[in-house]
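Read-outs: derived from the displayed coordinates by stated rules, not from any lab. Small disclaimer: the values here were computed from a predicted structure and weren't measured. Quick reminder, even Gly has a Cβ in these numbers, built from the backbone with ideal geometry, and neighbours come from all protein chains shown.
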Amino acid sequence: MERPLRFGIFMAPFHPSGQNPTLALERDLELITRLDELGYDEAWIGEHHSAGLEIIASPEVMIAAAAQRTRHIRLGTGVSSLPYHHPLMLVDRIVLLDHLTRGRVMFGVGPGALPSDAHMMGIDPATQRTRMEESLGAIMALLTSDEPVSIQTDWFTLRDARLQLRPYTYPHFEIAVAATVSPAGPRTAGRYGAGVLSLGATSMGGFAVLGDHWKIWNDQAQKFGHQVDRSTWRLVGPMHIAPTRKQAFEEVEYGIHEWIDYFRNVVALPLAPEEPDPRKWPQALVDSGAAVIGTPDDAIAQIERLKKQSGGFGCFLIMANDWVERRASLASYELLAKEVFPCFQGSSDLAIRSREWCRRDHDQLVGGAMGAVLKEIERYEKDTGYRVSIAGPAQN
């Protein structure tokens, strides 16, 4: 049997600016709790510091809160922007989370997505990918070396540095590197034997390079003596589903236009449609393959499309958003778990086969059971002289 696909969410999050932020964050925690109940495998939580929509500043703090409300779902930083942090301080916090969550934490890393964040910290955007690689190299050394680590760069220093705690997870928690269109993400992931988070997998550019990213990732891993596994490859894409396409399109009118405007004018991910007419934006997203707004069948078709283009991956992450109001959002996640997950996890195959077998052999199985009942009635009547009928006993 093919390895079951895992499912989760990528929670940046995206909340319209102007709404109650305390309530929005509480809703994020509520959603993660509900996804845990529905059997979702993972939730990845973002880090941003400007622009007013992606309002979680510390994924580690959010993970700590979510871990107290959940039992099974794994929780990842999606992603920690490495150029914003001293590597020793950051990995120390992730090790602590690994213990507090009993091994449910995952460490997603990237260079930082918002130019406004980098600007406020005085970071030259041209240096962010180099700094990410330098930081990840230091973090891997701290996690794997038995000797003190000393590294000097133009932006951080490690002097006889070592972790005071080993990770709870052996040899350490799972690490994944963010990727969009450029080869930087899969190249870095391959160098350090990490997984890949393809954030723009459903965009036209991101979809087109999925096969190339696997080759870059795999080739680079072999070059540095690592072996990578497709099960550690996560593809991200937005979805909202309902019983009918008409209902799904009506529901996203609640908030999809502000989400698209954000990608057109603020953030660097290439998810916004090129269509200039805002009235046509939702349909343009669907037509380009960048998003699913439709039914469970549409979601299934999108995942099959991604499997074919990539050659196979381990987990599909729904990009969480505020396209729809709360009840419609929760209903969409439940419908995905109910009708889409089984198609890729084999979770209902045996139940279906068992039902069909019982239906196919109904007459023989029921006939045999009824024959046994009648035979026992005859034996009882012969031994006792008491006549029994299926409708009820009768005395001669």
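Arrange C343, C358 by Cβ neighbour counts within 10 Å, fewest through most, would you?
Details: C343 17, C358 11.
Sorted ascending by nearby Cβ count, the order is C358, C343.
May I have the extent of the alpha carbons of region 1-96 along their three principal axes, as whole Å values ordered from largest to smallest?
Per principal axis, max minus min of the Cα coordinates gives 44, 35, 25 Å.
Please list, in order along region 343-352, the HN-Hα scalar couplings obtained from phi with the Karplus expression 6.51 cos²θ - 1.76 cosθ + 1.60 (θ = phi - 60°), rounded to whole Hz, x for Gly and Pro.
5, 10, 10, x, 6, 10, 4, 5, 4, 5
Report, ordered by chain and residue number, the aspartates and glutamates lying within cross-link reach of K375, taken as a straight Cα distance under 19 Å and ignoring same-chain residues fewer than 8 apart.
Straight-line reach from K375, under 19 Å: D363, D383.
Among bridges DSSP assigns within the chain, what percent are antiparallel (round to 5)? Don't skip to the answer; put the middle values down first.
On the way: 6 of 42 bridges.
Looking only at bridges with both residues in the chain, the antiparallel portion is about 15 percent.
Using the Cα centre of region 232-314 as the reference point, and only Cβ charges (+1 on K/R, -1 on D/E), how large is the resulting charge dipole? Debye, rounded to the nearest 20. Please list the in-between numbers first.
Numbers: 9 positive and 12 negative charges, 76 e Å.
The dipole of region 232-314 has a size of about 360 debye.
Just name one of M121, P16, G46: the one whose Cα is farthest towards the positive end of the charge dipole of the chain (beta-carbon charges, Lys/Arg +1, Asp/Glu -1).
So the residue we want is G46.
Mind checking the dipole of region 38-102: about its Cα centre, +1 per Lys or Arg Cβ, -1 per Asp or Glu Cβ, Debye to the nearest 20? Could you put the intermediate results ahead of the total?
Values: 5 positive and 7 negative charges, 49 e Å.
Charge dipole of region 38-102: 240 debye, to the nearest 20.
Is the shape of region 112-235 rounded, prolate or oblate, going by the alpha carbon gyration tensor and its root eigenvalues a ≥ b ≥ c, with a/c under 1.5 for rounded and a/b larger than b/c for prolate?
Working: a/c = 2.10, a/b = 1.24, b/c = 1.70.
Here region 112-235 falls in the oblate category.
Ranking S310, S80 by Cβ neighbours within 10 Å, fewest first, what do you get? Intermediate results must be reported in sequence, preceding the final value.
Numbers: S310 18, S80 27.
By the 10 Å Cβ count, ascending: S310, S80.
About its Cα centre, how strong a charge dipole does the chain have in debye, to the nearest 20, once Lys and Arg get +1 and Asp and Glu get -1 at the Cβ?
Numbers: 40 positive and 49 negative charges, 184 e Å.
Here the chain has a charge dipole of around 880 debye.
Under 1.5 on a/c is rounded, so check that first for region 52-147, then, if it is not, pick prolate when a/b is larger than b/c and oblate when it is not; a ≥ b ≥ c are the square roots of the alpha carbon gyration tensor eigenvalues. Don't skip to the answer; put the middle values down first.
Working: a/c = 2.67, a/b = 1.27, b/c = 2.11.
In terms of gyration-tensor shape, oblate.
Can you check how the C-alpha radius of gyration of the chain compares to 2.2 N^0.38 Å, as a plain ratio?
Numbers: Rg = 26.5 Å, N = 396, 2.2 N^0.38 = 21.4 Å.
Cα Rg divided by the expected 2.2 N^0.38 Å: 1.24.
Check which residues have an amide H placed less than 5 Å from G76's amide H, if you skip close sequence neighbours.
A43, W44, I45, M106
Cα to Cα, under 22 Å, and not fewer than 8 places away if on the same chain: which lysines meet these conditions relative to K338?
Filter leaves K246, K307.
Of all chymotrypsin sites (Phe, Trp or Tyr not before Pro) in region 117-198, which ones are in loop regions per DSSP and have a Cβ with at most 16 other Cβ atoms within 10 Å? Spell out each step's value before the answer.
Numbers: sites: W155, F156, Y168, F173, Y192; in loops: W155, F156, Y168, F173.
Within region 117-198, the qualifying chymotrypsin sites (Phe, Trp or Tyr not before Pro) (loop, at most 16 other Cβ atoms within 10 Å) are W155.
Where in the chain lies the longest segment free of trypsin sites (Lys or Arg not before Pro) that are both loop residues by DSSP (not H, G, I, E, B) and have at most 16 other Cβ atoms within 10 Å?
163-396
Restricting to DSSP loop positions (anything but H, G, I, E, B) with no more than 10 other Cβ atoms inside 10 Å of their own Cβ, which GluC sites (Glu not before Pro) remain in region 205-285?
Numbers: sites: E250, E251, E253, E258, E274; in loops: E253, E274.
Of the GluC sites (Glu not before Pro), the ones in loops of region 205-285 whose Cβ has at most 10 other Cβ atoms within 10 Å are E274.
Around A51, with a cut-off of 14 angstrom between Cβ atoms, what is the net charge of the other residues, counting Lys and Arg +1 and Asp and Glu -1?
On the way: positive: R264; negative: E47, E54, D117, E258, D261.
Around A51, the charge tally is -4.
Viscosity 1.567 mPa s, temperature 4 °C: Stokes-Einstein D of region 191-302 from its Kirkwood Cα radius, in µm² per second?
Values: Rh = 15.6 Å.
Translational diffusion coefficient: 83 µm²/s.
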